[in-house]
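Below: one structure, written as structure tokens.
The values are calculated or read from the model by the stated rules, or taken from the named source; none is laboratory data. All values derive from a computational prediction rather than experimental measurement. Note that we place each Cβ from the backbone using ideal geometry, even for glycine, and neighbour counts take in every protein chain shown. Ligands, DNA and RNA are excluded from the accessible area calculation, which covers all protein heavy atoms including side chains. Shrake-Rupley method; radii C 1.70, N 1.55, O 1.52, S 1.80 Å.
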Amino acid sequence: MSLSEILDMSLHMALLSLMAVGGVTAVLPDIHRYVVEAQGWMNSEQFAALFALSQAAPGPNALFITLFGLQMAGLPGAFGATLGMFAPSSLLAYHAVGWADLFAHTRWLNAFRRGMAPITVGLVLSSGLLLAQAVDINLSSIVLTAVTVAVVLLRSRWNPLWLIIAGALFGLLA
């Protein structure tokens, strides 16, 4: 990956950073579109594996951005992707907190906050669907994903890491 490609990737991550309502996971579908479909820097299976690894590792849940950059261009890619994803949104959040405090009790700010909740839920659900499509390649995988989401994840307080381990064991056996 050339320096210009690393800069392009950093700029793309910076733009997504400003749209990541609900966290970085909310823009995962566009990250997938960019790095897998548009640029071809990795395939869907690698993308899903790196995402799963980052979620199992201790630390921030957005660690996958650094792993994607590392996979695509080594340390310069990891630094570029991480800086691109976190610098703009961090600066925006820093300045927005003071502004939001000034208008905390206004009707329009409260309406804006309530309106953002369903958008955030939709973005996160689309990320989950994208990841499921990347790894659900046969009927048993699809059934396992559906059962896990519908029965276990929504109706229990189990740590999702246990579900990932169970899915890996099931995948080895199936």
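What the table shows:
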| read-out | value |
| --- | --- |
| Which numbered condition Ala20 misses (of (1) small (Gly, Ala, Ser); (2) under 14 Å from the mean Cα position of the chain (by Cα); (3) not in a loop (DSSP other than H, G, I, E, B)) | (3) |
| Selection within segment 40-55 - surrounded by 13 or more Cβ atoms within 10 Å (Cβ to Cβ) and of a type in the set (Gly, Ala, Ser) | Ser44, Ala48, Ala49, Ala52, Ser54 |
| Members of segment 153-173 that are over 17 Å from Ala52 (Cβ atoms) and of a type in the set (A, V, I, L, M) | Leu154, Leu173 |
| Some residue of segment 45-59 being at pLDDT 95 or above and closer than 22 Å to Gly128 by Cβ | no |
| Flag if Leu154 is closer than 26 Å to Leu172 by Cβ, under 20 Å from the mean Cα position of the chain (by Cα) and free of Cβ contacts under 8 Å to residues at least 60 places away in the same chain | yes |
| Members of segment 126-160 found to be outside any helix (DSSP H, G or I), open to solvent by 70 Å² or more (accessible area, probe 1.4 Å) and closer than 16 Å to Phe47 by Cβ, listed by number | Ile137 |
| Residue ID - farthest from Leu15 (Cα to Cα), chosen from residues in segment 83-96 that are open to solvent by less than 90 Å² (accessible area, probe 1.4 Å) and without any contact (Cβ under 8 Å) to a residue 60 or more places away in the chain | Ala96 |
| Lone qualifier among Gly84, Gly40, Gly23, Gly80 - being out of contact with any strand residue (DSSP E or B) (no Cβ under 9 Å at 6 or more places or on another chain) and modelled with pLDDT under 90 | Gly23 |
| Any chance Leu63 is open to solvent by less than 20 Å² (accessible area, probe 1.4 Å) and either free of Cβ contacts under 8 Å to residues at least 40 places away in the same chain or of a type outside the set (Phe, Trp, Tyr) (or both) | no |
| Yes/no for Phe103 being within 18 Å of the chain's Cα centre (by Cα) and of a type in the set (Phe, Trp, Tyr) | no |
| Qualifying positions in segment 66-82 - open to solvent by 50 Å² or more (accessible area, probe 1.4 Å) and within 19 Å of the chain's Cα centre (by Cα) | Leu70, Gln71, Phe79 |
| Unique match (being assigned to a helix (DSSP H, G or I), of a type in the set (Val, Ile, Thr) and touching a helix residue (DSSP H, G or I) at 6+ places or on another chain (Cβ under 8 Å)) among Ile119, Ile164 | Ile164 |
